[in-house]
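The values are calculated or read from the model by the stated rules, or taken from the named source; none is laboratory data. Keep in mind the model is a prediction, meaning the values are calculated, not measured. Backbone-built Cβ (ideal geometry, glycine too); neighbour counts: all protein chains shown.
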C-alpha cells in the first residue's frame, strides 16, 4: 500500500487530538483510502509542554518551516491559527514547494484563500479546509461534492456555537448576557477572549468561505457584520412574546443576480428549524436547484469534531486525486457583484427606551412615517416605578437603510435614554 | 480537457431529468471536475414514448446491453429499476466489462451490492449508488467521505417520504389512512402501487445499504420490518395525548458489539428533531465518534433530487479516482453479528379494543405481569354508545419478545374485538 507522509504543525488541543487519532486509527483510515497516513513529523511552539502522550524525538522538526522544505513530506497540516505570521508563512511556502496542505484556519483562508488556491492549482497539490468552517459538519465537502449538481441560491444558518450557546441560555435560563458568558467560559464553550465569537467576525470568515464555494466566486469582503453583545434579556423576552427566537445568523444569498453577505442577530419564527437549534450546535441550510432545501447539522467546534473534519480532508488527499480548492478553477471563478444590504428589504424589530413624556409616541411614529416605514405592531410598556417606557416596534418590509436613518434620527432626541436597537426579522 | 463517455439506460422521469440536466449543465460540471460528461448513448424500453425534448437518433443504442459492450462507453447509468431482470443484467455485465456504474437502484444494491462491489474492485471501476438512498440527501458520500473519520454507533431517521407524508397528514388534517393515501396519490407523493413505501420494504433496502456502509460490514438480511398500514387515526391521537408523534423510522445500531436493524412505526417525543420532520422530507441522524451527532435532511425523492445525487456520483467518477463501493475493500469488510430485535429492550405503546366485560382489565394487566412487563401508564376509554372500550398501555422498558407474547396471548381472548396493536417507543 502507498504511503503519504504528513507533518502536523501546531500541537494544541486540536493538533494533539489529531495526532493521537491518526496513531490509533491508522489501519482503518489506510484501508478506507488505500493509502497509509504516515505522521512523520510534528512541530509546536512549545515543544516541552506537558502532553498526555509521548512523541518520538525523531519526529520533532527543528524548525516548523522545515515542513515546507523536506523532501520526505507530502502533506502539511497547519494548526497554528491566525491569518498572519507563522501560519501564513507555513501555508504559502508549503504550497509553493508542492506540498499538499490541510488547515483548520478560517481567518487565513477567508483572507488569503484566493491567492493560496492559485498556487495550489499551479503546483497541482491540494489545499483543503473543511475544518475551518463548522468543525465536524461536513459542509464544504457537501457543497463541493455531494451537492455539486446544484445552483445554490442561498446558504444560511448558525455558524458559531459560542454565541448560539449564549443566546439560547439567556432564553432558557432567564440570565443576562454577562452571567451566561461567564458560565460559558467555565464550561469551555467560550474562550478567555471570546470577542471574535461574539462580534460576528468568526461567522463572517466562515460565511465568506462558504459563499465563494456556493456561488463559484472569489472571496469578497463586502459583508455586513453585527455581533450579539448588544442583545439583552429584554430583547429575548420581547422576541418570545412576538413569536420569535433571536439567533446570530449568517446569510449569503443571490437576489436578482446580486449577492448579499450578512451576519447579524435575527428574529426568526419559533416554529422554524433554525430556532430549534440550541446550545453549541451548528446548522447550515442550503437552497439549491435541482435539490431543493438541504440541512446539515452537527458539532461545530472542539478537538473531536475538528479532527473529524481534518481526517476527511486528509483522506481525500490519501485517495489521490487533485481537486480545485474552491470547487472550480481560479480562472473560472467569477467576479460577482456583492451588494451592501442597505438596499435590501427586511422587516425589523426596533426598541426604544424613552422618558415618559408627552408626545414621544407621536414623534417616534412620525419619524417612521417620514421614512416611509410602515408599522405592523407597536407595544409600549411602562417601566416599573420609573417615568420611563420601552417602545417596541415591528415593521412591515422596508429598505434596510431606512431603519438606520430612523434610529439615527430618533437617537438624537432628548427623550431617548439609551441607544436604540434594530434587529432584523427573518419571516421565512 | 478529458472526456468521460456515458450511456444512460432507462429514460423515465428520472432518466429524462438527468439527460436534460447534463445537456444544460455540461460546462459547469466539466469545469468543476476537470472532465467532460459526454452522454454518448441512451436506451429506453419505450423509444417512441412522447418526450418533451428530442434526442439525436444516433444516440439510441440498438439493445440496452450494448451499453456494456461498446468500447466507446466508460460509464453506464442504470435507471431501469428492480433487483432482477434487465437492471441486474445490465449492471453485472457493465462491471464485468470494466465500465463504471452509477445507479439509483436500491433494490438491486441491497440484494446484490456485495457481489457487485467485488466485481467493481477486481476490475478497478467505480460502482456508485448515492441516488439509491434518500434521493438528494448526500448521505452515502457523507458517510464515505465527510464523516470518514468516525466510528458510527447508530444511524436512524426518516427514509421514506411517502409514508412520512401520510403519517404527518393524518396527524395534521384529521383524516384517516385511506383518505390521506388517495390524496398523496393525486399529489404524486405516492405511486399507483405504493406497497413498498407503506410496508417498510423501501426503508429496509435503504437501511441495509446504510448500515453496511456505517459498520464496514457486508449487507445483512437480518432486519425487522413493519409498515404503517395498521396505524390509524386513533393511534395518532393517543400518541399526541401521550406527548409523542408516530413516525416510520429505520434504525441500525451497535449495542454491545451486536448490530440491530429495524424498521417500524415508532412513538417519538414531540420535542425531538425527528418528530418535527413533516411531509415528504427525509432526515438521517448519525451518532459517531469523534464527531458526535450529525443530522442531514433534504428532499428524499423525485427526479430533481435524484438527479442531484446521480450527478454527484457521476462527478466523483469524472474526477477520476477509484473508490471502494462500500467505503472499504471487500476483503476488509467484516461479517458482524446481526441480531434479531426480540432480545432488545424497548418501552412500548399497546392498544387493545375490548368488549366492556367484567374482569377484562384485570385479565389484561395480569398477562402483562405474568410476562414481567411493567406498566407505566394505562388509559381506558369507553367507546361512545357501545359496550366497547379502548385500553391503551404504555410500558417501562422490556424485552421485545415479551410484547409479542402478550399480544399473542391477549388476542386469543374472547373479549378482544380487533387485533391488538404494538408500537415501539423511542424515548431518546
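For the condition under 19 Å from residue A:284 (Cβ atoms) and modelled with pLDDT under 95, what is the one hit in B:136, B:146, B:161?
On the way: B:146 fails: modelled with pLDDT under 95; B:161 fails: under 19 Å from residue A:284 (Cβ atoms).
Result of the check over B:136, B:146, B:161: B:136.
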Margin query: For the range B:121-141: of the residues being at the interface with another protein chain (Cβ under 8 Å from one of its Cβ atoms) and in a helix (DSSP H, G or I), which is nearest to the chain's Cα centre (by Cα)?
Written below: B:130
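Before we move on, is residue A:55 within 14 Å of chain B (Cβ to nearest Cβ) and either in contact with a strand residue (DSSP E or B) (Cβ under 9 Å, 6 or more places away or on another chain) or assigned to a helix (DSSP H, G or I) (or both)? Step through it out loud before you land on a result.
Numbers: within 14 Å of chain B (Cβ to nearest Cβ): no; either in contact with a strand residue (DSSP E or B) (Cβ under 9 Å, 6 or more places away or on another chain) or assigned to a helix (DSSP H, G or I) (or both): yes.
No: the conditions fail for residue A:55.
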Item checked: Search result, residues across the range B:8-29 that are in a helix (DSSP H, G or I) and facing chain A (nearest Cβ under 10 Å) -> B:17, B:18, B:21, B:22, B:27, B:28, B:29
Next item on the list: Determine, yes or no, whether residue B:333 is surrounded by 19 or more Cβ atoms within 10 Å (Cβ to Cβ), more than 8 Å from chain A (Cβ to nearest Cβ), touching a residue at least 40 places away in the same chain (Cβ under 8 Å) and farther than 24 Å from residue B:243 by Cα.
Entry: yes
Margin query: Of all residues being surrounded by fewer than 18 Cβ atoms within 10 Å (Cβ to Cβ) and away from chain A (no Cβ under 11 Å) in the range B:255-277, which is modelled with the highest pLDDT? Just the residue, please.
Written below: B:269
Notebook entry, point to check: Which of (1) assigned to a loop (DSSP other than H, G, I, E, B); (2) surrounded by fewer than 19 Cβ atoms within 10 Å (Cβ to Cβ); (3) touching a helix residue (DSSP H, G or I) at 6+ places or on another chain (Cβ under 7 Å) does residue A:65 not meet, given it meets every other one?
Noted result: (1)
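Right, residue B:192: touching a strand residue (DSSP E or B) at 6+ places or on another chain (Cβ under 8 Å) and either away from chain A (no Cβ under 14 Å) or buried (at least 23 other Cβ atoms within 10 Å of the Cβ) (or both) or not? Before the answer, list the steps.
Numbers: touching a strand residue (DSSP E or B) at 6+ places or on another chain (Cβ under 8 Å): no; either away from chain A (no Cβ under 14 Å) or buried (at least 23 other Cβ atoms within 10 Å of the Cβ) (or both): yes.
Spelling it out, it is not the case that residue B:192 is touching a strand residue (DSSP E or B) at 6+ places or on another chain (Cβ under 8 Å) and either away from chain A (no Cβ under 14 Å) or buried (at least 23 other Cβ atoms within 10 Å of the Cβ) (or both).
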Notebook entry, point to check: If you scan the range A:269-325, which residues turn out to be touching a helix residue (DSSP H, G or I) at 6+ places or on another chain (Cβ under 8 Å), without any contact (Cβ under 8 Å) to a residue 12 or more places away in the chain and not in a helix (DSSP H, G or I)?
Noted result: A:292
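Across the range B:216-233, which residue is nearest to the other protein chains (Cβ to nearest Cβ) among those that are surrounded by fewer than 18 Cβ atoms within 10 Å (Cβ to Cβ) and more than 23 Å from residue B:111 (Cβ to Cβ)? Lay out the reasoning, then the answer.
First, the residues of the range B:216-233 that are surrounded by fewer than 18 Cβ atoms within 10 Å (Cβ to Cβ): B:218, B:221-222, B:225, B:229-230, B:232-233.
If we keep only those that are more than 23 Å from residue B:111 (Cβ to Cβ) as well, we get B:229-230, B:232-233.
Details: B:229: 28, B:230: 30, B:232: 27, B:233: 24 Å.
So, considering only residues that are surrounded by fewer than 18 Cβ atoms within 10 Å (Cβ to Cβ) and more than 23 Å from residue B:111 (Cβ to Cβ), the one nearest to the other protein chains (Cβ to nearest Cβ) is B:233.
Got a sec? Which of A:88, A:144 is farther than 26 Å from residue B:317 by Cα and either within 14 Å of another protein chain (Cβ to nearest Cβ) or in a helix (DSSP H, G or I) (or both)?
Values: A:144 fails: farther than 26 Å from residue B:317 by Cα.
None of the others qualify; the one that does is A:88.
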Item checked: helices (runs of 4 or more DSSP H) wholly inside the range B:184-249 containing at least 3 residues that are touching a residue at least 60 places away in the same chain (Cβ under 8 Å) and under 14 Å from the mean Cα position of the chain (by Cα) -> B:201-215
Note to self: For the range A:103-116, check the following and say yes or no: at least one residue is modelled with pLDDT of 95 or more, crowded, with 18+ Cβ neighbours inside 10 Å, within 14 Å of another protein chain (Cβ to nearest Cβ) and farther than 29 Å from residue A:162 by Cα.
What the structure shows: no
Next item on the list: Give the residue, chosen from B:367, B:392, B:373, that is touching a helix residue (DSSP H, G or I) at 6+ places or on another chain (Cβ under 7 Å) and in a loop (DSSP other than H, G, I, E, B).
Entry: B:373
Checklist line | Among residues of the range B:148-170, those that are out of contact with any strand residue (DSSP E or B) (no Cβ under 6 Å at 6 or more places or on another chain) and farther than 21 Å from residue B:263 by Cα, counted | finding: 2
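Limited to the range B:278-299, what total is found for residues that are more than 7 Å from chain A (Cβ to nearest Cβ), at pLDDT 95 or above and under 17 Å from the mean Cα position of the chain (by Cα)? Spell out the reasoning first.
At the first step, the residues of the range B:278-299 found to be more than 7 Å from chain A (Cβ to nearest Cβ) are B:278-289.
Okay, now just the ones that are also at pLDDT 95 or above, so B:282-289.
Restricting the remaining residues to those that are under 17 Å from the mean Cα position of the chain (by Cα) gives B:282-286.
Of the residues in that region, 5 qualify.
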Next item on the list: Just name the residue that is farthest from the chain's Cα centre (by Cα) out of those in the range B:154-165 that are closer than 15 Å to residue B:251 by Cα and more than 14 Å from every other protein chain (Cβ to nearest Cβ).
Entry: B:154
Next item on the list: Of the conditions (1) farther than 27 Å from residue A:151 by Cβ; (2) within 14 Å of chain A (Cβ to nearest Cβ), residue B:46 clears all except one; give me its number.
Entry: (2)
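So if I check each of A:302, A:320, which one is at the interface with another protein chain (Cβ under 9 Å from one of its Cβ atoms), at positive phi and surrounded by fewer than 19 Cβ atoms within 10 Å (Cβ to Cβ)? Talk me through it step by step, then tell me what you get.
On the way: A:302 fails: surrounded by fewer than 19 Cβ atoms within 10 Å (Cβ to Cβ).
Of the residues listed, the single one that is at the interface with another protein chain (Cβ under 9 Å from one of its Cβ atoms), at positive phi and surrounded by fewer than 19 Cβ atoms within 10 Å (Cβ to Cβ) is A:320.
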